[in-house]
Amino acid sequence: MSERTGVHPLLAPRGWPRVMGVLNVTPDSFSDGGRWADVDAALAHGRRLAADGADLVDVGGESTRPGARRPDVAEELDRVLPVVAGLAADGVAVSVDTMRAEVAAAAVEAGATVVNDVSGGLADPGVLDVVAGADADLVYVAMHWRAHSHEMTGFASYDGPGGVVGGVVAELGDRLAAATKAGVPEDRVVLDPGLGFAKTGEHNWDLLAALDELSALGRPLLVGASRKSFLGSLLADPDTGAPRSVGEREAANVAVSTLAAQAGAWGLRVHDVRATLDAVAVVRRWRQAAPDRA
């Protein structure tokens, strides 16, 4: 691993969140599956996210929507690598959204600077070795996770002390310990509570209300609520009970982004970068107007 000097630029304190733009190069993601499956379309969208102000473009080749089945390794590599390499060559800061060591290693070689592992090293502990042993100075995002998409709804039970908040804090703490034991520098780890992953809508709201307790783990937090089903349920049609459609949840996500930014989240993983940056700008200006109350 290359010698690290000082604070990683992505993790340097600045008072407002980084914005991670979602780029799903999959045929079956819940929000935009298939829209960016073509390499040229994916590259164009990634450049657009960067032009809109994304600090990172998060390229993922495996859908993690509830019930999704995994692609094989070769298919995931075929989806991800041309997009990571193309964006990195354009100077775009790229993260790779993967649970596989082989994909993480190839994406880092292609220019990714962040490994965003939704399993926190549980699906493939080799991811931790990739990050620890890389020549590049990487950031590692470890999300709270319990099982793969086709079975995760059966793991949405938190009966221990502190309920879902206590369970997620404890299990993320275990993931942080596993990462550092593998050799990943603790000051390069970001934690993500994993909204929607083996969690009910009520669990998600409880976690969002407890970001301060998650912050007590001592690492920056990434929040990914964008367009998820718990927002659709919140905005359900009062007459039919039908959840608000995926494409009509953005205003709710902007509200979540605003509150998460105010709560001190390090990053926001979103589909609409421009709308999120507008929300962040409001929080920044609010704090400037009342610094003693921020």
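Data for the structure
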{"item": "Within region 177-294, helices (runs of 4 or more DSSP H) holding 3 or more residues that are over 18 Å from the mean Cα position of the chain (by Cα) and of a type in the set (D, E, K, R)", "result": "273-289"}
{"item": "Every residue from region 17-60 that is in a loop (DSSP other than H, G, I, E, B), surrounded by fewer than 24 Cβ atoms within 10 Å (Cβ to Cβ) and either at pLDDT 95 or above or in contact with a Cys (Cβ under 7 Å, 6 or more places away or on another chain) (or both)", "result": "Asp52, Gly53, Asp55"}
{"item": "Filtered residues of region 174-195 (kept if in contact (Cβ under 8 Å) with a residue 60 or more places away in the chain, small (Gly, Ala, Ser) and within 30 Å of Asn253 (Cβ to Cβ))", "result": "Gly194"}
{"item": "Failed item in (1) out of contact with any strand residue (DSSP E or B) (no Cβ under 8 Å at 6 or more places or on another chain); (2) buried (at least 24 other Cβ atoms within 10 Å of the Cβ); (3) of a type in the set (Gly, Ala, Ser), with Ala104 passing the rest", "result": "(1)"}
{"item": "Conditions (1) crowded, with 24+ Cβ neighbours inside 10 Å; (2) within 23 Å of Val270 (Cβ to Cβ); number of the one not met by Asp90", "result": "(1)"}
{"item": "Subset of region 161-173 [without any contact (Cβ under 8 Å) to a residue 24 or more places away in the chain and part of a helix (DSSP H, G or I)]", "result": "Gly166, Gly167, Ala170"}
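The values are calculated or read from the model by the stated rules, or taken from the named source; none is laboratory data. What you see is a predicted model; the values in this text were computed from it and never measured. Note that we place each Cβ from the backbone using ideal geometry, even for glycine, and neighbour counts take in every protein chain shown.
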